[in-house]
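A.B. asks: Before I ask anything, here is the structure I am working with.
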Amino acid sequence: MSASSQIMQVPSGPPPRSRRIGARIATEAQLRDDQAVGGKLARQRVMREKGLAVPPFFALTAAFFDEVFWPLREEVARLLAKLDFSDGQAVRQAAAAIRERFVALPLSAEQEAAVLASFDRHFPADALVAVRASTIGHRLDESEDSADNPFAGMSETFLYVRREEVLAKLRLCWASGFSAESLVYRQAQGMDLLGFSVGVAVQQMVLGQRSFVLFTVNPRTAARETVIAAGHGIGEGVVQDKVATDHFFVHGSSGEIRAEVVEKTEMLGLDPALGSGLAMLAVPLALQQAPVLSDDEVRALVQLGRRIEAVFGAPQDIEGTIDAQGQVHVLQSRPIALDYRRMRVWTNANVTESFPGVTTALTYSFSRYFYRVIFHDCYRRLGMSERGLHDEHEALDRMIGFVGGRVYYCLTHFYHLHSRSPLFPVFRGHWEKMMGFRASYEAAPAGIFGRALRATGKALATASAGAVVLYRYFTHERAMRHFHGWWEGLIAPLRGRDFDEQDLLVLEHEFHRVWREVGNEWGVTLLNDTYLPVLYGLTENLFRKWGLAEDEALMSDLLCGDEDLMSVEIVRSAVRLAERVRAVPALRQAFAHMQPQALWDAVAADALDTEFCAAARRHCHRYGDRGLQELKIEQPNMRHTPQLLMQMVQGYVGGEVTVQGLREREQALRQAAELRLKELLADAPLKRLVLAYLLPKVRGLIRHRENSRYCRSELFGFSKNVFRAMGRRLVAQGVLRSADDVYHLSQDDLFGWLDGSGVTQDLQALADLRRREFSQNELAETAMDLTTLGPLRDNVLLAPSQETPTEGELRGLGSSTGKVRGRARVVIDPNSVGALGEGAILVARETDPGWLFLMLSAKGMVVERGSMLSHTAITGRKFGIPTIVALAGATTRIPDGALIEMDGASGRVEIIELPVAGDAPAMAEAA
């Protein structure tokens with residue numbers, strides 16, 4: 001490709017008018033014009049002004065370069081005009097020719113004297129300096145180290161330079177603007193090949209013993225964790241990968257340090273023979289295996305990175321060095337170049353609780369519709385205008401994605417939409433913690449909030465948003481009561497309704513009628529989920545501040561004891577059925593000898609105790625939308641498989657579970673915790689008063705969250721009945737072979753086929769294709785957290801290899817107190833398990849409300865996913881079951897049948913004994 005099509009401003013007219021040398025050589029204090037020296041040197045000036053340890057320097061500005069380059073400009077333009085960029089050799093030859101012209105470039109006596117005089121004013125005559133080039137685009141966004149164009153490693157830097165070598169190094173720095181790499185980069189980016197100048201800094205040389213590159217955000221994953229690469233010697237070796245380096249990863253929230261230490265035999269340093277320049281030296285033997293940085297030094301660098309990031313309002317890539325006295329010197333800081341247009345951040349860390357494992361096209365497409373509808377209402381309630389909602393249509397429609405057949409949150413869109421609120425920085429951390437994310441993410445263009453704060457009217461917008469949130473908070477209880485009243489009025493006539501005789505187009509109309517109402521009301525449940533993590537986090541912080549967190553179980557025990565949880569009432573209803581069975585000998589005999597399906601057939605025929613049969617049918621009608629994996633459209637709920645209720649009741653009958661026993665166990669935990677709290681705060685009445693306000697508020701928000709989740713189950717249950725009826729009707733019309741094929745079609749496929757808005761007539765062929773993809777997806781496990789660049793399927797999506805189980809201690813997040821020992825029962829598919837066995841500890845990837853019958857028979861629970869506010873944690877606290885969540889890889893690190901001890905307060909799991917072959921008691925199979 002010729003450069004003839006590249007825009008180049010060829011010189012014409014007389015050379016630029018000579019200016020004062022002072023305008024062309026500037027001290028750091030005079031560097032007020034970024035365009036004169038470029039962002040790279042301007043940022044060094046800003047950091048020095050903020051008190052950061054940046055070595056002193058003076059700079060040769062763009063004006064100096066323009067003046068010395070003028071005599072060469074026309075000749076360089078001719079060289080570049082005929083350059084073929086598809087010929088690498090030609091590009092290298094042209095760059096070499098331009099370099100030769102700069103090396104031979106004469107400077108005037110005035111120019112040389114001014115440079116050396118500046119050297120003498122700043123440094124001793126025998127000082128060693130660094131001479132650093134910085135490309136300055138004629139457009140600022142085309143300058144080196146800008147957010148969009150880092151020009152990484154293309155400009156020359158010369159280290160350990162003596163005074164008499166400075167002028168020669170200046171010429172090479174100017175020439176580096178035309179290096180082969182720089183020319184190719186500018187051509188590929190469509191930049192004017194002559195549309196730049198070169199600034200040069202002459203800076204005090206720090207005799208670094210160790211050097212590092214620090215990223216305040218992981219540049220590969222966009223996770224808000226600090227990444228540090230550190231090696232011995234000066235930074236050139238680390239930056240250009242010339243020496244081996246250790247890597248340190250520091251979790252953004254917990255501060256946990258993960259180190260990858262390697263052998264380091266070489267380092268770059270001052271050439272001892274010449275007394276200037278670089279040489280490769282041997283690392284002392286005692287340092288070769290040891291970490292370059294101590295943990296304390298890593299933590300100090302993390303704080304330094306945060307400080308610099310705060311200065312510039314965006315994630316930073318920072319270079320620095322540490323001298324023999326341990327002083328850290330910052331040499332450079334630039335924005336991390338993340339191309340947010342190509343990047344997507346994904347996780348199923350929380351959403352897998354609702355949609356575990358591989359799911360069908362219908363479940364995904366319907367769930368995507370659900371997220372769009374409810375978040376539209378949520379943002380509307382928070383004050384987003386109709387125009388704003390219209391402008392965010394694409395992000396709203398793509399809040400979740402379908403990765404390897406699994407439902408994932410697209411965090412890029414979540415962060416983008418949430419950041420539309422100026423209050424997002426306030427609740428961001430609490431929200432991330434509630435969602436159970438492993439890390440915070442930089443998933444939107446950096447610095448938006450900082451720039452917005454400076455925009456006219458931002459203070460007013462923030463105050464307005466705060467007023468809306470406060471109003472919504474103080475009227476929230478009333479709003480939730482309205483929500484539940486509205487929902488009961490809408491869903492009551494639709495519960496368990498048979499749609500088989502309904503005209504299909506009328507059925508579609510009924511579906512949309514319900515969802516129109518949902519779109520006007522459901523956002524209040526998301527506001528509840530906004531307030532909950534904030535108040536929970538505030539309470540948790542007060543517990544830590546006031547020394548209450550030393551009792552690891554205290555806060556979780558204080559959150560027990562709410563009598564009005566719908567999920568608990570469902571369990572109690574089933575337990576009451578079991579109590580009736582125990583009270584009637586004939587019923588007890590029947591439940592001891594009959595299979596669940598036969599028992600339900602008898603209930604349906606009213607062939608058992610009349611009171612029991614009526615109560616069982618009422619249970620299925622009222623609570624029939626509860627079930628395993630109940631939000632999956634393809635998964636039947638209890639309404640479709642009522643024999644599961646009989647199986648559950650059989651388990652409760654045998655376990656002698658009673659409603660009073662459940663209530664007493666929970667109340668005992670709460671009362672004991674309240675006594676402990678009273679003792680701990682005996683001399684602090686004001687603190688007791690604060691917690692007396694906060695704890696009931698948190699309990700109330702948890703109650704609303706859990707109860708609205710059952711409303712969600714009913715909403716999905718209604719929709720499930722609609723789609724099941726459609727599947728049966730399409731089979732009757734010969735459109736599909738099997739009613740189950742409907743699950744492999746999307747919501748738009750089905751409604752589009754009905755109302756003429758679809759593009760595929762052969763639904764069976766589409767279902768067959770999707771069924772094959774579903775089967776293929778089941779064979780591979782995708783990673784929990786992903787950051788993809790470019791098209792999704794151009795990226796590696798598979799999970800890393802699992803850890804081999806070993807004896808020892810593991811740690812998750814303790815969420816319900818109690819220390820127990822028992823045999824681990826690893827459950828992947830709850831549908832295949834009838835009972836855990838006596839004294840078993842349930843180990844699972846995630847749970848949903850349909851797991852309750854397994855949970856209640858467990859001695860303890862250990863789950864890979866979740867947070868302190870996940871359903872698993874809440875259920876454990878509600879029923880006094882020791883529970884640990886967020887223990888990564890639990891189902892692979894804890895072998896089925898292993899003897900383990902778990903502490904639900906501290907989150908510790910110890911593998912006491914690995915299972916012997918054939919030693920693990922068999923689980924009872926589901927009937």
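The values are calculated or read from the model by the stated rules, or taken from the named source; none is laboratory data. This is a predicted model, so every value here is computed, not measured. Please note: Cβ atoms are built from the backbone with ideal geometry, for glycine as well, and neighbour counts cover all protein chains shown.
A.B. asks: Can you find a residue that is within 22 Å of the chain's Cα centre (by Cα), surrounded by fewer than 16 Cβ atoms within 10 Å (Cβ to Cβ) and β-branched (Val, Ile, Thr) anywhere in segment 791-804?
C.D. replies: Yes, segment 791-804 contains at least one residue that is within 22 Å of the chain's Cα centre (by Cα), surrounded by fewer than 16 Cβ atoms within 10 Å (Cβ to Cβ) and β-branched (Val, Ile, Thr).
A.B. asks: Can you tell me which residue is farthest from residue 408 (Cα to Cα) among those in segment 764-818 that are modelled with pLDDT under 80 and acidic (Asp, Glu)?
C.D. replies: The selected residue is 807.
A.B. asks: Right, something else. For segment 603-626, enumerate the residues that are assigned to a loop (DSSP other than H, G, I, E, B) and either among the polar types (S, T, N, Q) or in contact (Cβ under 8 Å) with a residue 60 or more places away in the chain (or both).
C.D. replies: Hits for segment 603-626 are 624, 625, 626.
A.B. asks: In addition: Would you pick out the residues in segment 263-284 that are more than 16 Å from residue 131 (Cβ to Cβ) and in a strand (DSSP E or B)?
C.D. replies: 266, 267, 268, 269, 279, 280, 281, 282
A.B. asks: So how many residues does segment 333-368 have that are of a type in the set (S, T, N, Q), at pLDDT below 90 and not in a loop (DSSP other than H, G, I, E, B)?
C.D. replies: Let us first name the residues in segment 333-368 that are of a type in the set (S, T, N, Q), namely 333, 347-348, 350, 352, 354, 359-360, 363, 365, 367.
Restricting the remaining residues to those that are at pLDDT below 90 gives 350, 352, 354.
The next check asks that each one be not in a loop (DSSP other than H, G, I, E, B); those that pass are 352.
Residues flagged as of a type in the set (S, T, N, Q), at pLDDT below 90 and not in a loop (DSSP other than H, G, I, E, B) within segment 333-368 amount to 1.
A.B. asks: Mind checking which residues of segment 439-490 are β-branched (Val, Ile, Thr), at pLDDT 85 or above and assigned to a helix (DSSP H, G or I)? Spell out the reasoning first.
C.D. replies: Start the filter on segment 439-490 by keeping residues that are β-branched (Val, Ile, Thr), which leaves 448, 456, 462, 468-469, 475.
Now restrict to residues that are at pLDDT 85 or above: 468-469, 475.
Within segment 439-490, 468, 469 qualify.
A.B. asks: Report every pair of residues separated by at least 6 positions or lying on different chains whose Cβ atoms are under 8 Å apart, first residue within segment 299-311 and under 19 Å from residue 44 (Cβ atoms), second in a helix (DSSP H, G or I).
C.D. replies: Here the result reads 308/47; 311/46; 311/47, each pair linking segment 299-311 to a residue that is in a helix (DSSP H, G or I).
A.B. asks: Determine whether segment 653-672 contains at least one residue that is closer than 21 Å to residue 833 by Cβ, in a helix (DSSP H, G or I) and touching a residue at least 24 places away in the same chain (Cβ under 8 Å).
C.D. replies: yes
A.B. asks: Just for segment 235-262: of the residues that are of a type in the set (Val, Ile, Thr) and modelled with pLDDT of 90 or more, which one is surrounded by the most Cβ atoms within 10 Å (Cβ to Cβ)?
C.D. replies: If we filter segment 235-262 for residues that are of a type in the set (Val, Ile, Thr), which is where we start, we get 238-239, 243, 245, 250, 257, 261-262.
Still in the running and modelled with pLDDT of 90 or more: 250, 257, 261.
Values: 250: 21, 257: 16, 261: 15.
Only one residue fits best here, namely 250.
A.B. asks: Out of everything in segment 42-96 that is acidic (Asp, Glu) and within 30 Å of residue 128 (Cβ to Cβ), what residue ends up being surrounded by the fewest Cβ atoms within 10 Å (Cβ to Cβ)?
C.D. replies: Of the residues in segment 42-96, the ones acidic (Asp, Glu) are 49, 66-67, 74-75, 84, 87.
Then keep just the ones that are within 30 Å of residue 128 (Cβ to Cβ); that gives 49, 66-67.
Values: 49: 12, 66: 17, 67: 21.
Across segment 42-96, the extreme among qualifying residues is 49.
A.B. asks: Within segment 771-778, does at least one residue satisfy the condition of being in contact (Cβ under 8 Å) with a residue 40 or more places away in the chain and in contact with a strand residue (DSSP E or B) (Cβ under 9 Å, 6 or more places away or on another chain)?
C.D. replies: yes
A.B. asks: Look at residue 553 and say whether it is of a type outside the set (Val, Ile, Thr), closer than 30 Å to residue 692 by Cα and touching a strand residue (DSSP E or B) at 6+ places or on another chain (Cβ under 8 Å). Can you show your working first?
C.D. replies: Details: of a type outside the set (Val, Ile, Thr): yes; closer than 30 Å to residue 692 by Cα: yes; touching a strand residue (DSSP E or B) at 6+ places or on another chain (Cβ under 8 Å): yes.
Yes.
A.B. asks: Check 735, 826 and return the single one that is touching a residue at least 24 places away in the same chain (Cβ under 8 Å), touching a helix residue (DSSP H, G or I) at 6+ places or on another chain (Cβ under 8 Å), farther than 24 Å from residue 345 by Cβ and in a strand (DSSP E or B). Please lay out each step first, then the result.
C.D. replies: Values: 735 fails: in a strand (DSSP E or B).
Within the list 735, 826, the selection yields 826.
A.B. asks: Specify which of the listed residues (100, 112, 75) is touching a residue at least 40 places away in the same chain (Cβ under 8 Å) and not in a loop (DSSP other than H, G, I, E, B). Spell out how you get there, then give the answer.
C.D. replies: Values: 100 fails: touching a residue at least 40 places away in the same chain (Cβ under 8 Å); 75 fails: touching a residue at least 40 places away in the same chain (Cβ under 8 Å).
After applying the criteria, what remains is 112.
A.B. asks: Let me ask something additional. Which one is farthest from residue 732 (Cα to Cα) among residues in segment 492-506 that are in contact with a helix residue (DSSP H, G or I) (Cβ under 6 Å, 6 or more places away or on another chain) and part of a helix (DSSP H, G or I)? Break it down stepwise before answering.
C.D. replies: Within segment 492-506, the first condition is being in contact with a helix residue (DSSP H, G or I) (Cβ under 6 Å, 6 or more places away or on another chain), and the residues that meet it are 494, 496, 499-500, 504-505.
Next, only the ones that are part of a helix (DSSP H, G or I) stay: 494, 504-505.
Numbers: 494: 24, 504: 12, 505: 16 Å.
The selected residue is 494.
A.B. asks: To continue, here is another question. Within segment 295-313, track down each residue that is over 14 Å from residue 249 (Cα atoms) and either in contact with a Ser or Thr (Cβ under 9 Å, 6 or more places away or on another chain) or not assigned by TED's automatic domain parsing to the domain that holds residue 330 (or both). Can you show your working first?
C.D. replies: Going through segment 295-313, the residues over 14 Å from residue 249 (Cα atoms) turn out to be 304, 306-313.
Listed by number, the residues that qualify are 306, 308, 309, 311, 312.
A.B. asks: Suppose we keep only residues that are aliphatic (A, V, I, L, M) and crowded, with 24+ Cβ neighbours inside 10 Å within segment 207-225. Which one would you say is modelled with the lowest pLDDT? Give the steps one after another, and end with the answer.
C.D. replies: Taking segment 207-225 and keeping what is aliphatic (A, V, I, L, M), we get 207, 213-214, 217, 222-223.
Narrowing further to those that are crowded, with 24+ Cβ neighbours inside 10 Å: 214, 217, 222.
Values: 214: 95, 217: 91, 222: 87.
So, considering only residues that are aliphatic (A, V, I, L, M) and crowded, with 24+ Cβ neighbours inside 10 Å, the one modelled with the lowest pLDDT is 222.
A.B. asks: Looking at (1) among the polar types (S, T, N, Q); (2) under 33 Å from the mean Cα position of the chain (by Cα); (3) surrounded by 23 or more Cβ atoms within 10 Å (Cβ to Cβ); (4) closer than 30 Å to residue 87 by Cβ, which is the only condition residue 197 fails?
C.D. replies: It fails just one condition, (2).
A.B. asks: Take residue 345 and decide whether it is within 30 Å of residue 710 (Cβ to Cβ) and hydrophobic (A, V, I, L, M, F, W, C). Reasoning before the result, please.
C.D. replies: Details: within 30 Å of residue 710 (Cβ to Cβ): no; hydrophobic (A, V, I, L, M, F, W, C): yes.
It is false that residue 345 is within 30 Å of residue 710 (Cβ to Cβ) and hydrophobic (A, V, I, L, M, F, W, C).
A.B. asks: If only one of 597, 629, 647 is within 23 Å of residue 836 (Cα to Cα), modelled with pLDDT of 95 or more and not acidic (Asp, Glu), which one is it? Spell out the reasoning first.
C.D. replies: Values: 629 fails: modelled with pLDDT of 95 or more; 647 fails: modelled with pLDDT of 95 or more.
Only one candidate passes the filter, namely 597.
A.B. asks: Can you work out which of the residues in segment 494-533 that are touching a residue at least 40 places away in the same chain (Cβ under 8 Å) and of a type in the set (Asp, Glu) is nearest to residue 698 (Cα to Cα)?
C.D. replies: Step one: filter segment 494-533 for residues touching a residue at least 40 places away in the same chain (Cβ under 8 Å), giving 494-500, 502, 504-505, 507-508, 510-511, 514-515, 518-533.
Those left that are additionally of a type in the set (Asp, Glu): 498, 500, 508, 510, 521, 529.
On the way: 498: 39, 500: 43, 508: 39, 510: 37, 521: 22, 529: 11 Å.
So the residue we want is 529.
A.B. asks: Here's something else I'd like to know. Determine whether residue 875 is buried (at least 20 other Cβ atoms within 10 Å of the Cβ), assigned to a helix (DSSP H, G or I) and modelled with pLDDT under 85.
C.D. replies: For residue 875, the condition - buried (at least 20 other Cβ atoms within 10 Å of the Cβ), assigned to a helix (DSSP H, G or I) and modelled with pLDDT under 85 - is met.
A.B. asks: Would you check if there is a residue in segment 154-173 being in contact (Cβ under 8 Å) with a residue 60 or more places away in the chain, under 30 Å from residue 259 (Cα atoms) and not small (Gly, Ala, Ser)?
C.D. replies: Yes, there is a match, as at least one residue in segment 154-173 is in contact (Cβ under 8 Å) with a residue 60 or more places away in the chain, under 30 Å from residue 259 (Cα atoms) and not small (Gly, Ala, Ser).
A.B. asks: Kindly indicate whether residue 669 is buried (at least 16 other Cβ atoms within 10 Å of the Cβ) and more than 30 Å from residue 747 (Cβ to Cβ). Working first, answer last.
C.D. replies: Numbers: buried (at least 16 other Cβ atoms within 10 Å of the Cβ): yes; more than 30 Å from residue 747 (Cβ to Cβ): yes.
Considered against the rule, which asks whether it is buried (at least 16 other Cβ atoms within 10 Å of the Cβ) and more than 30 Å from residue 747 (Cβ to Cβ), residue 669 comes out as yes.
A.B. asks: Here's something else I'd like to know. Conditions: (1) more than 21 Å from residue 138 (Cβ to Cβ); (2) out of contact with any Gly (no Cβ under 9 Å at 6 or more places or on another chain). Residue 114 meets all but one. Number of the miss?
C.D. replies: Unmet condition: (2).
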